[in-house]
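Report on the following structure.
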Amino acid sequence: MSATDTCLFCRIVRREIPATIVWENAHALAFRDIKPESPTHLLVVPKRHVGSLNDATDAQLLGELLLAAREIAEGEGIAQSGYRTVVNTGRDAGQTVFHLHVHVLGGRHMKWPPG
Ligand code: 5GP
Ligand code: ZN
């Protein structure tokens, strides 16, 4: 059994687990977070399994994820009001799903620094 068989986000990419998918292209998929922390909260993931930013080697793919985040923010109508993109990497950052994802959060004012 490989990591991708059981990986939650790989399973969403394969449509084995339901999710509210809002955007996709050949390399990435975006869907709504199941436990939103802001009025708009989406996750952008590569379709190919990458465990975390620590495992990422494909600069083009990383760029595509960020450009996707911007496009999604535009589609959600939060590009002008503002939004936060977050990549939690590893234990101290609070990463809970080990398939690389970019959070796109918006629709409310956010504080800095994050907790
Ligand atoms: P992390 O803590 O790893 O940065 O973020 C993982 C995110 O995935 C969390 O915000 C969590 O709410 C979300 N999440 C966990 N399980 C599911 C699920 O089954 N479906 C969706 N749509 N989001 C999930
Ligand atoms: Zn995966």
Suppose we filter GLY115, GLY82 for residues that are more than 15 Å from the chain's Cα centre (by Cα) and without any contact (Cβ under 8 Å) to a residue 24 or more places away in the chain; which single one remains?
GLY115
Among the residues of region 77-115, which ones are assigned to a loop (DSSP other than H, G, I, E, B), within 23 Å of LEU29 (Cβ to Cβ) and not small (Gly, Ala, Ser)?
ILE78, VAL87, ASN88, THR89, GLN95, THR96, VAL97, PHE98, HIS99, LEU100, HIS101
Starting from region 1-14, keep only residues that are among the hydroxyl-bearing types (Ser, Thr, Tyr), then list their pairs with residues that are in a helix (DSSP H, G or I) whose Cβ atoms are within a distance under 6 Å, requiring at least 6 positions of separation or different chains.
THR4/CYS10
Based on what the data block shows, is SER52 polar (S, T, N, Q) and touching a strand residue (DSSP E or B) at 6+ places or on another chain (Cβ under 7 Å)?
no
Tally the residues that are touching a Phe, Trp or Tyr at 6+ places or on another chain (Cβ under 8 Å), part of a loop (DSSP other than H, G, I, E, B) and near ligand 1 (Cβ under 9 Å from one of its atoms), restricting the search to region 1-51.
2
Filter result for LEU67 (among the aliphatic types (A, V, I, L, M), at pLDDT 95 or above and touching a strand residue (DSSP E or B) at 6+ places or on another chain (Cβ under 7 Å)):
no
Say whether the condition of being in contact with a helix residue (DSSP H, G or I) (Cβ under 9 Å, 6 or more places away or on another chain), crowded, with 17+ Cβ neighbours inside 10 Å and either modelled with pLDDT of 95 or more or not polar (S, T, N, Q) (or both) is met by at least one residue in region 49-61.
yes
Counting only residues that are in contact with a strand residue (DSSP E or B) (Cβ under 7 Å, 6 or more places away or on another chain) and small (Gly, Ala, Ser), which one in region 76-115 is farthest from ligand 1 (Cβ to nearest atom)?
SER81
In this structure, is ALA73 outside any loop (DSSP other than H, G, I, E, B), in contact with a Ser or Thr (Cβ under 7 Å, 6 or more places away or on another chain) and on the phi < 0 side of the Ramachandran plot?
no
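The values are calculated or read from the model by the stated rules, or taken from the named source; none is laboratory data. Since the model is a prediction, treat every value here as computed from it, not as a measurement. Positions of Cβ are generated from backbone atoms using ideal geometry, with glycine treated the same way; all protein chains shown enter the neighbour counts.
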